[in-house]
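First comes the structure, then the notes that go with it.
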Protein chains: 2
Amino acid sequence: MLMSDRPPMRSGGIISKYGDYLPEIDPAAAVTLGEGQTPLVEARAVSEAVAAGVCVYLKCEGLNPTGSFKDRGMAFAVSRAREAGYRVAMCASTGNTAASAAAYCARAGMRCVVVIPEAAIAAGKLAQAVAHGAVVVAVRGNFDQALAIVRDMVERHRIALLNSLNPDRIEGQKTAAFEVCDQLGGRAPDHLAIPVGNAGNITAYWKGFREYKEQGKVSSMPIMLGFQAAGAAPIVVGHPIERPETVATAIRIGNPASWAKAVAARDESGGLVESVTDEEILDACRLLAAREGVLVEPASAASVAGVLKLARRGYFRERSGASRRQDAVIVCVLTGHGLKDPDAMMRLGSGPLVAEADTASVEATLVAAGTPLDGR
Amino acid sequence: MLMSDRPPMRSGGIISKYGDYLPEIDPAAAVTLGEGQTPLVEARAVSEAVAAGVCVYLKCEGLNPTGSFKDRGMAFAVSRAREAGYRVAMCASTGNTAASAAAYCARAGMRCVVVIPEAAIAAGKLAQAVAHGAVVVAVRGNFDQALAIVRDMVERHRIALLNSLNPDRIEGQKTAAFEVCDQLGGRAPDHLAIPVGNAGNITAYWKGFREYKEQGKVSSMPIMLGFQAAGAAPIVVGHPIERPETVATAIRIGNPASWAKAVAARDESGGLVESVTDEEILDACRLLAAREGVLVEPASAASVAGVLKLARRGYFRERSGASRRQDAVIVCVLTGHGLKDPDAMMRLGSGPLVAEADTASVEATLVAAGTPLDGR
């Protein structure tokens, strides 16, 4: 199919864009769905809520092909697994990894098996894995148990591991840090706020920022601000959580695989890993949806909830005084699209009003509901 | 907020990218969520199914901020409404327009009222409109009745109309045609296949291709191939359908507002508007999900279903013989993400297997389900 008269494509994904910074791969093995190049949008309402002299941007990773940040690392991991001749791949997942693995394996012509905790993943994500033809096994346990089973099975069979324990996942994922710097015009943000679940993402961003600094692409690195959900905050409390609980199902993880690396990212950057409550997470979701026009699954909003929490205790005010020549730049990583979790989204607002199909009925219904139509 | 020391943004959306081709607008009024710049990905499985000498690409418009193509036109229409001082906006919708209008109005600080046909829109879309704080009115009727009510109300109140009858919607939407040409390296595709519901999208693409040709950006224009669902195919049968029915809820429209313009696009391009059955639509959905790794809501798959149908009767073979110097390029527009309609996606595959949370149980469950783990 690689004919010389084929028109040039501009949607090559992370391998074609950042291949120089990735381990070598045969281009013929590369699989892409056009991941990456997600928008970095200004968040005026969040900025105003944080502090004067601060500019908050949202890195909208939910606009990757399967609706979450996982696609960057999955593109590279599946490409390398295909290059190595694997025919079957496997992962444990709270949902987003499953959806991404299922999609990329479908495109690569590989069989995909995903192990999920029963009854604890969002509806959209399960539908994705199923529709892409993955074999989905729901186990009567939590994510950490699912991951242990998968690690066991990839040792016993010739199966590619697609969890972020696979270093190729981290390699692909680090391109998000490159992209943030490129979108900011060749500089790193001052702070990078990010949800922390299994801790592969914070690990990958920090690796990306370090490498861009080493390569001379940027002159500084951000302070890393990681946020776990209060009911699933093992790094914050300092020990594994046996029964993690949170509305943010994507980060409902009690024993993160990349725990030590997250701690290293925190300490090397002079940052922190803290927790936010489910209420703070849903408040941040609502603020993003109602004021910024950005819909995210609950886990994503942990980054914004965390920044707002730090702001309330003056964290950024101390760091962005009048002495600074320019606004402090905070980038909040939004990991997954709100469409992943329609049930949680419905709870952010009020359900539909019902009316007969004529103008008078609709007007009367709106008036009865207290909706001004004259712009007041 | 527009400080001169603000870092440059690279996610400006359609107005910053294609402003030279749009009606003038005050940049301060412009609203963007980073719409546009969606991937154009090669579809090898579809290409093989179509004909030798044909290369099919997928324009993944479901990767716009709210998960559908509507965001391009909505970005421009809401920006212009804000510039004109509107405080309230309104639209009728089968779901995608509502989600997009709700998001952009939230970002613009405008009140949004959406009128939807009761019980006939996909779960994800309703959740979006609700979460973004729109006032949603479900009427006991179909889309065409909802649109009539909205047209009535915007005449009686100072409310901005956000349906594609608003020419600003078409202006913003036409940028998708520009982008396809740019992504193909400065040429138009030979064929552009597109789902047809209210017919605003086919109208906008044709306008975009014509303008790019007039400006000398491309040297040819595509043959336009429009596809309606068989149960909602008024343009194909030549009269309005009073009770449109199809699994493809996004194009469940019996009396398209842009009917005449769709016919003009068809005739001026030497193309066609035909229908595809729900079964053909779902088969195309399944092919895209299982082989291309691309998940779309049912309406989107009408473009691919239509191309496969034309291929079966030799339509492309006649047009791509050995005499051509290069492959014929077909671009299929995929209008909305599969996450918009999780219920339809679940039906594309098999539900989860269930096992205890230990390796032996998972292995036994996979073996019992006939899933080989050794790569056969």
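At a temperature of 20 °C and a viscosity of 1.002 mPa s, determine how fast region A:95-231 diffuses translationally according to Stokes-Einstein, using the Kirkwood radius over alpha-carbon pairs as Rh; express D in µm²/s, rounded to the nearest whole number. Rounded to a whole number, D works out at 129 µm²/s. Computing Rg and the Kirkwood Rh from the Cα coordinates of chain A gives a ratio, Rg/Rh, of 1.00. Rounded to the nearest 5, the antiparallel percentage of DSSP beta bridges internal to region B:1-139 is 25%.
With one equal scatterer per alpha carbon and no solvent term, the Debye-computed log10 I(q)/I(0) for the protein assembly as shown at 0.09 1/Å reads -0.77. Region B:239-376: D in µm²/s via Stokes-Einstein (Kirkwood Rh, Cα pairs, 20 °C, 1.002 mPa s)? D = 117 µm²/s. Only one residue of B:Met110, B:Gly271, A:Val135 has its Cα farthest out toward the positive end of the dipole of the protein assembly as shown, where Lys and Arg carry +1 and Asp and Glu -1 on Cβ, and that residue is B:Gly271.
Applying 1/(1 + (r/R0)^6) with R0 = 22 Å to the Cβ-Cβ distance of B:Arg44 and B:Glu279 gives a FRET efficiency near 0.40. Site pair A:Arg312 and A:Ser16 shows an inter-label distance of 4.6 nm when each label is modelled 7 Å from Cα along Cα→Cβ.
Projecting 7 Å from Cα along the Cα-to-Cβ direction, the label point of B:Ala119 sits 2.9 nm from its equivalents in the other copies, listed shortest first. Rolling a 1.4 Å probe over the heavy atoms of the protein chains gives chain A an accessible area of 34 Å² per residue. Note on A:Glu211/B:Glu155: beta-carbon distance plugged into 1/(1 + (r/R0)^6) with R0 of 60 Å gives a FRET efficiency of 0.55. DSSP finds beta bridges in the protein assembly as shown, and of those with both partners inside it, around 10 percent are antiparallel. The magnitude of the dipole of the protein assembly as shown, with charges of +1 and -1 set on the Cβ of Lys/Arg and Asp/Glu and taken from the Cα centre, is near 920 debye.
Label point of B:Ala368 (7 Å along Cα→beta-carbon): distances to the other copies' equivalent points are 5.3 nm, sorted ascending.
So if the hydrodynamic radius of region B:30-164 is defined as the Kirkwood radius over C-alpha pairs, what does Stokes-Einstein give as its diffusion coefficient at 10 °C and 1.306 mPa s, in µm² per second? Estimated diffusion coefficient is 101 µm²/s.
Ellipsoid semi-axes for region B:109-159, based on the Cα gyration tensor and the rule √(5λ), read 19, 16, 6 Å when sorted largest first. Measuring from each Cβ of chain A to the axis carrying A onto B, the nearest residue and its distance in whole Å come out as A:Leu339, 2. Listed by chain and number, the aspartates and glutamates placed with their C-alpha closer than 14 angstrom to that of A:Lys217 are A:Asp20, A:Glu179, A:Asp182; residues fewer than eight positions away on the same chain are left out. Among the trypsin sites (Lys or Arg not before Pro) in region B:252-357, those placed in a DSSP loop whose Cβ has at most 10 other Cβ atoms within 10 Å are B:Arg313, B:Arg325.
Taking every Cα-Cα distance in region B:321-371 and sorting them into 5 Å bins from zero, the calculated P(r) comes out as 4, 14, 12, 10, 9, 11, 10, 9, 9, 6, 4, 2, 0 percent.
Computed over region A:270-339, the range of Cα coordinates on each principal axis works out to 42, 23, 19 Å, biggest value leading. Each 5 Å bin from zero up to the one holding the largest Cα-Cα distance in region B:129-184 carries the following percent of pairs: 4, 14, 16, 20, 19, 11, 8, 6, 2, 0. Between A:Pro27, A:Val54, A:Val150, the Cα set farthest toward the positive side of the dipole of chain A (charges on each charged residue's Cβ, about the Cα centre) is that of A:Pro27.
The values are calculated or read from the model by the stated rules, or taken from the named source; none is laboratory data. On a predicted model such as this, the values are computed, not experimentally measured, just so you know. Don't worry about glycine lacking a Cβ; one is built from the backbone with ideal geometry, like all the others, and counts go over all protein chains shown. To get the accessible areas, we keep the full protein, side chains included, count just its heavy atoms, and leave off ligands, DNA and RNA. Shrake-Rupley method; radii C 1.70, N 1.55, O 1.52, S 1.80 Å.
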